Amino acid sequence: MLTLTANLLPPLLGALLLWTGAAKLTSRRLRAQTARTALPRLVRGPGRAVLVLRATAAAEVLLAAGLLAAPGAAAPAVGAALLGAGFLGYLGYARVVAPDSSCGCTASDNAPITWHSFARAGFVAGAGAGALTADEAWWTAVGDRPAAAVALLLAGAAALAYLSDGPEGRGRVRLRRLRLRLFGSPLGGPAGGDGTVPVEASVELLERSLAWETVSSLVRSGLVEHWEEDGWRILHYTGARHDGERDRPVSVLFALDAGAHLDRAGGQVIRVSVVDQETAEVLTGDLVEAAAGPPRPPLPLAG
Amino acid sequence: MTPISSATAGDRFGRRGFLTSAALGGATIVGASALGALDADAAFAAPAPSLDPAVTETSFVEGRIGAIRGGLLTAASSEGETHRVQLTNATSIWKARPTTADAIEVGDGLYARGVPMPDGSIAADAVWVNIVNLHTTIRGIHRDRFYLSHGNHELVGRTIPETAASYAGGALTSDLSRLRIGQAAQVLGAWRPADDSIDVVRVTVGH
């Protein structure tokens, strides 16, 4: 099996280099892509960086052609191993000087350098060295044991596709979408099913309400606590009321339908209470009237 | 969380019973969403009554909590200042949900609203711990979490019992099954410094 693997390394490596090299050579947005990598800083200038990237792409295509057409030759294998080692060094440098930069490996990815990029560069270096141990041409190896060879090639191609896709790759997103379509969303509704309204929804409804507008000048805190009682949801805020010289702390309580939310047709009732925190005296009536100010004049209507 | 002794629990329920009866006996205001402060009609309404003078002095501070002594939090802001934030009995504290001062830890991020005191500290009336509000893209959905990308960073958003979603401007709902991979999502939640994930409180999609 080891021999078969070594014999199949040249076509796998060749296909990978051919793809990455051709992608970079034919890319029309190479200059923009290069700007997102650490290469301009390494070679001091975006123009040079594009040249370096094109030269690397040409080398990749040449090496790929050598590996595919002349798998027994040592030069393409040694070249690929050196190229892989160079990639590793470059990635290490880029991780240190510009951690958020992209790899630029395939000319189409903008994802930052992750372990995927290192693993793929490591594969190029390792496979280049491993290809030196191949003892027969890959087409002969495939002809001798077609089933095992095809299985190995498919597994290798899948692993390389996984590494090339990056953490946010389109292929990965398609797979995840497919999984959701087949098995449904694991983030179902609430346990128990039924129209439980989140507290957030009650707060949202309250904060857009006339009740809130009426007493908001008293409220000094965010939501302190909440609980439910007989179908009502009670929301407790703290506040302050001006009493002579000083502010006295009060509890501002709102009671609203526990099942109400913004989308439910109007007519919800909200009850407002203000309770003095020190004396436990219910102050609602006068305080709400004072906080609400004078009655609103009717809106002017056309016609 | 510290267990509540039965006496404390009894006090709490007694207090809640009292507050509940006060709340249900309060002034009734009908038409919750008819004339809301954010409603277009509010633009035509009479000017709002002037707010309490203390409101104009309200200030906001942010920072990373470096020390907690009693109810006094010391926070280093991102601009290099040091803020001292005093918690009071009336301070509301949010850390993914309304909670108590015990939930605040050194290393947490702090966003506080309060009144400046003569000694330079801030008496807080509301403190939001580790609050984040991010524009992200949903990249993956799992049973109790989803994966988000935010700029060049990958984030894990954990669902908690309070997690609510709003689809295309609709009301908040606890049904998360309509989230889709690839959607742009605004996520409000509490950052967890321990593993750099986010407890998601609200996810808004379809805007």
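Laboratory data are not the source of any read-out in this text; all were calculated from the coordinates shown. Here the structure is a predicted model, which means the values were calculated and not measured. Positions of Cβ are generated from backbone atoms using ideal geometry, with glycine treated the same way; all protein chains shown enter the neighbour counts.
Just a few scattered comments:
- Long hydrophobic helices in chain A, taken as whole DSSP H segments with a C-alpha length of 30 Å or more on their own axis and mean Kyte-Doolittle hydropathy at least -0.5: A:2-26, A:46-69, A:74-97.
- The phi torsions of the stretch B:169-178, fed into the Karplus equation with coefficients 6.51, -1.76 and 1.60 and a -60° offset, translate into couplings of x, x, 5, 5, 9, 8, 7, 9, 6, 8 Hz, rounded to whole numbers, with Gly and Pro shown as x.
- Reference-scaled alpha-carbon Rg (2.2 N^0.38 Å with N residues) for the stretch B:91-207: 1.17
- Size of charge dipole - the stretch A:7-105 - debye, nearest 20, with Cβ of Lys, Arg +1 and Asp, Glu -1, no other charges: 500 debye
- Based on every Cα atom in the stretch A:200-271, Rg and the maximum pairwise Cα distance Dmax equal 13.0, 44 Å.
- Percent antiparallel among DSSP beta bridges (both partners in the stretch B:80-207, rounded to 5): 75 percent
- In a fully extended conformation the segment linking A:Ala75 and A:Arg28 would gain 13.8 nm over its present Cα-Cα distance, using 0.36 nm per residue.
- As computed over chain A, the Cα convex hull volume per residue (Å³): 307 Å³
- Rg and Dmax over the alpha-carbon atoms of the stretch A:59-140 stand at 14.2, 46 Å.
- Its Cα gyration tensor gives the stretch A:1-123 an equivalent ellipsoid. The semi-axes, each the square root of 5 times an eigenvalue, are 26, 16, 12 Å from largest down.
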